Amino acid sequence: MHPTGSPAGRLAAVGNQMIEIHLWLSAELARLRESLDTAGDTLPTRDLRAHCLTFCAALGRHHTGEDGGAFRLLGDQAPELRPVIANLINDHEVVAGILERVETMLAGDTAVPLAQVRAELDGLAALLESHFRYEEKRLVAALNALSGRPGTAEELLGLTAPSDTAD
């Protein structure tokens, strides 16, 4: 559960919110991959395309938010983390390339073999699993130390941590 209230209070656990966002993004990617498995080899349905594009946009916002928000602040506050942050930003660029390929495949009117989409999402899942664990291991304590800094978790992380009300 993440704290509510003022931005300073919410930022007291920004690293923990990042973990919540990572868990949510991982679960959404798993759901997306499962929906591909049930679609067989047919052209993705409108709902499947919408789910995929929505996921891609959310993941992109999260990484853009980190790069321009939390990572910028951490680089200023903890210069020793700059090499870690540089590695994470490089990962974000690789992820953005995968997302762009998936979006291109799903945006067109031509038939796309679902095996191709599935392969991209499988690669994305493997990369994100490693990326999220590395980021959490190296940055959570430093992020949690950002309490009292101006801004919201959404500004720092690109997304608001999902609520605990959904099952």
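Throughout, read-outs are computed from the coordinates displayed, never taken from laboratory work. All values reported here derive from a predicted model rather than from experimental measurement. FYI the Cβ positions are ideal-geometry reconstructions off the backbone, even for glycines, and counts take in every protein chain you see.
Only counting other Cβ atoms within 10 Å, I'd like I85, I98 sorted with the fewest neighbours first.
Fewest-to-most ranking of I85, I98: I98, I85.
Please give me the summed charge of the neighbours of R33: other residues whose Cβ is under 14 Å from its Cβ, Lys and Arg +1, Asp and Glu -1. Summing Lys and Arg as +1 and Asp and Glu as -1 gives -4.
Here L124, L143 are placed in order of increasing Cβ neighbour count within 10 Å, fewest first, which gives L124, L143. At q = 0.23, 0.24 Å⁻¹, what log₁₀ I(q)/I(0) does a Debye calculation on the Cα points of segment 51-159 give, no solvent, two decimals? Computed log10 I(q)/I(0) values: -1.26, -1.34. In plain terms, the residue of D37, D67 with the fewest other Cβ atoms within 10 Å comes first and the most crowded comes last, giving D37, D67. Sorted on the mean count of surrounding Cβ atoms within 10 Å across their residues, most packed first, peptides 134-142, 16-24 read 16-24, 134-142.
Only Cα pairs under 8 Å and 6+ residues apart enter the sum, and on that basis the relative contact order of segment 10-142 stands at 42 percent.
So, R0 is 30 Å and r is the distance between the beta-carbons of K137 and R31; what FRET efficiency does that work out to, to 0.05?
Values: r = 25 Å, r/R0 = 0.84.
The value I calculate is 0.75.
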